[in-house]
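**Q** Quick one: this structure, given as structure tokens, is what I'll be asking you about.
The values are calculated or read from the model by the stated rules, or taken from the named source; none is laboratory data. Remember, predicted model here, so these are calculated numbers, not experimental data. Surface accessibility is based on the protein's heavy atoms, side chains included, excluding ligands, DNA and RNA. Shrake-Rupley method; radii C 1.70, N 1.55, O 1.52, S 1.80 Å.
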Amino acid sequence: MPVPLLTSANQASQRFTRLYVASLSAIALLSIAGQIFVQQQLARQSHDISIITAAQKRQTLCERLLKATLAVRVSPPGDRAESVKQLEILLTEWEATRTVIRQEMQTMVSAQEMAEVEPTFDRLKPLATEIVAMAKQTAATDTATAQPSVARLIQAGTEFNATIDEILVWYTAKAQNGISHLRMMEFGLLGLTIGTLLLEGFAVFRPAIGKLKQTLQALEESLANLAIEQAKSEKLLLNILPSPIADRLKLKSEAIADSFSEATVLFADIVGFTELSSRLTPQELVQCLNRIFSCFDNLAEKYGLEKIKTIGDAYMVVGGLPNPDPNHAIAICQMAIAMQQELQAINRSMGETFDIRIGINSGPVVAGVIGIKKFIYDLWGDTVNIASRMESHGESGAIHISEATYRLIEGQFNCELRGAIAVKGKGQMTTYWLRTEAQETRSLASSVI
């Protein structure tokens, strides 16, 4: 993947990450704000319950006080002391709870709201004073001398409870407003959260997905290009080394040397190459060699043989390795004959008179790769040296084979005994000519070098 694409992808990723974190932070803040408001409303509900409970307790106490006062008035002389005692207890409790409602409400409502209900509280004071005064007067005198107005006492108590109800109604309305605000806040927070998520989807995830698609597409293209380049590298490697050898080098980079008990080696050399070099430009010479050796490469592939190398105008190929083949000698001889035929076709098309000298030998070899740079799959052993001698001791346009190769192809091809010849470094060796139908039979005497 190109560097600008990576940089753009990283910048986009960082931008989307910042937006995503910002949106999550907004949602978190909204959630925290909602929790705070909910907790405040829950705390207010607790106070609401306390205020309502205190108000109801005050109303109950007022009714008990009225009943106790009336009980003192109607009590027989023998039970009056007990009734007075109960009345005095209620009076003490009355005094202790006079300001409870106001104090509870002041903690929950604002001063402006308290100002709205203060006139109602002010009406409670004289009523409470009158109820207490009449109750105390009743407790301090006997029934015969105390002549309070029963009707007025009941009226004062009724007005007191009604006033408490007014305060509760007012406060309940305020509490209901708080619940409404809570619901509005709840819906508001829900709407803001949904809006934030939608905004997040359009502003963050949608562009991010689009950018991700672009990045993945670019990555796929890059991987496809990489696969193409790898295929090219693999093809180039396989043009240099046999597939099994290339696989082994990929797994473990070290010298490779394998012994093969049977293989057939072919050397071919263009006759008159020096003269050819003098009359052709370097570019023309290379183009000419490339055409000839390309044809030979196709033949090697056709017959399942392994090209080893070219050295100048020399061409080397082997049969029977790296994958053993019992017909290695036959395949090499077939290629040798085809090489001569292909060269004749090239001569006709180019108007040239190229000719080649071919030598073949069979036997054991060692094949492998050595060194650490510019790998080449090569052969070593006496079999290779003799194949080279067969080529150098051969004749132009002829295929010179050793006795070892002859034994392997006997009866398969038209061969002619050349006889015993002196081979450099090997002494006397019996060799043969591998003939084609187009070649004329040569005498043994004329073939000795």
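**Q** As a test of reading the structure, rank 273, 375 by solvent-accessible area (1.4 Å probe, protein chains only), most first. Before the final figure, lay out the partial values.
**A** Details: 273 45, 375 70 Å².
Sorted descending by solvent-accessible area, the residues read 375, 273.
**Q** For segment 325-395, what does the equivalent ellipsoid look like in terms of its semi-axes, each the square root of 5 times an eigenvalue of the Cα gyration tensor, given largest first in whole Å? Walk me through the intermediate numbers first.
**A** Numbers: eigenvalues 150, 55, 34 Å².
After scaling each eigenvalue by five and taking roots: 27, 17, 13 Å.
**Q** Under a no-solvent Debye model with one identical scatterer per Cα of segment 317-366, what's log10 I(q)/I(0) at q = 0.31 Å⁻¹?
**A** -1.19
**Q** Now, a different point. Over 28 Å between C-alpha atoms is what I'm after, so list which of 302/373; 136/174; 307/426 land there. Walk me through the intermediate numbers first.
**A** Numbers: 302/373 30 Å; 136/174 37 Å; 307/426 26 Å.
Flagged as over cut-off: 302/373; 136/174.
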